[in-house]
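Here, each number is a calculation from the coordinates, and none is a lab measurement. Predicted model, so just to flag it, every value in this text is computed and none were measured. Heads up, the Cβs are rebuilt from the backbone with ideal geometry, glycines too, and the neighbour counts pull from every protein chain shown.
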């Protein structure tokens with residue numbers, strides 16, 4: 001229990017920043033336009049600067065065990081199948097709703113929460129693994145849900161859907177930063193100090209601004225109907241996925257740092273991209289929005305406990 005309290009203490013400042021953002025958004029004098037502009041700044045400037053600088057120094061970082069991809073995305077596939085079965089058998093949902101329901105059980109808020117949580121609880125040595133998962137995260141999971149939805153609608157996936165998914169992923173500033181930074185890192189070229197230092201300064205803003213932006217965004221969601229579906233999606237994400245990730249990592253005999261990193265990423269709250277998907281397909285908008293709020297609040301308790309048990 002003392003270990004769990006230690007991680008809870010480490011995580012507490014991060015979730016307090018999220019709470020601060022939520023409180024600011026509730027204040028009636030707070031300009032709503034700030035939320036959108038801050039989120040854009042985080043995703044297009046601060047986080048890309050952090051990831052680009054980190055990956056440009058790849059040759060100086062510990063090597064990454066590529067088996068972490070099997071552990072993390074293997075868990076995603078298993079939990080996705082379980083999620084579809086729960087949505088079908090438990091709630092009688094159609095194929096499209098099943099796909100969005102299952103996506104909520106595997107799509108973590110890794111960009112906003114994963115990076116700062118990994119840095120403060122596991123240290124800089126965890127970040128290469130986080131970056132590796134982030135590179136493949138959107139492409140893999142968007143492709144998975146696209147295949148699932150297309151199959152539910154037409155009986156077969158389309159190449160056009162795959163192409164659009166790939167293009168949107170490659171245009172993502174985070175992916176551009178990771179790939180371009182990696183190219184510099186593997187080349188052995190060192191960034192000039194006049195470039196590296198400003199990137200480091202901007203990158204240091206990434207974590208607090210990302211958390212503040214998350215809190216501001218959460219204030220726009222409300223707990224609504226279909227609370228059983230909300231609780232089920234939250235349980236899949238916060239309990240089942242980290243358990244499956246841990247079991248696969250143990251089966252692969254991953255080192256402790258890699259194991260704890262992928263379990264951390266699996267334990268993080270549901271990502272806002274799931275809400276975008278629900279709005280796009282016009283299904284489960286209320287339950288998904290509610291699950292974003294609930295899973296973010298509960299993960300402030302469950303993530304430290306899970307980290308403690310994986311020591």
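Remarks
- Once you reduce segment 286-311 and segment 31-105 to the center of their Cα atoms, the two points are 14 Å from each other.
- Tensor-based shape of segment 73-147 (alpha-carbon gyration tensor, a/c under 1.5 rounded, otherwise prolate or oblate): prolate
- Cα-based shape type of segment 200-311, given that a ≥ b ≥ c are square roots of the gyration tensor eigenvalues and the cut on a/c is 1.5: oblate
- Seen from a random direction on average, the alpha-carbon convex hull of segment 248-311 projects onto 5.1 square nanometres.
- Ranked by how many other beta carbons lie within 10 Å on average, peptides 124-131, 295-302, 191-198 from highest: 124-131, 295-302, 191-198
- Mean Cβ neighbour count within 10 Å, used as a protection proxy, ranking 260-272, 242-254, 24-36, 40-52 highest first: 260-272, 40-52, 242-254, 24-36
- Three-way shape label, segment 42-106, alpha-carbon gyration tensor, a/c 1.5: oblate
- Sorted by Cβ density within 10 Å, fewest first, the residues 55, 257, 233, 93: 257, 93, 55, 233
- Binning all Cα-Cα separations of the chain at 20 Å, short to long from zero, yields these whole-percent fractions: 33, 60, 6.
- From helices alone, the chain scores -23500 deg cm²/dmol at 222 nm; the rule is -39500 (n - 2.57) for each run of n ≥ 4 DSSP H residues, then divide by the residue total.
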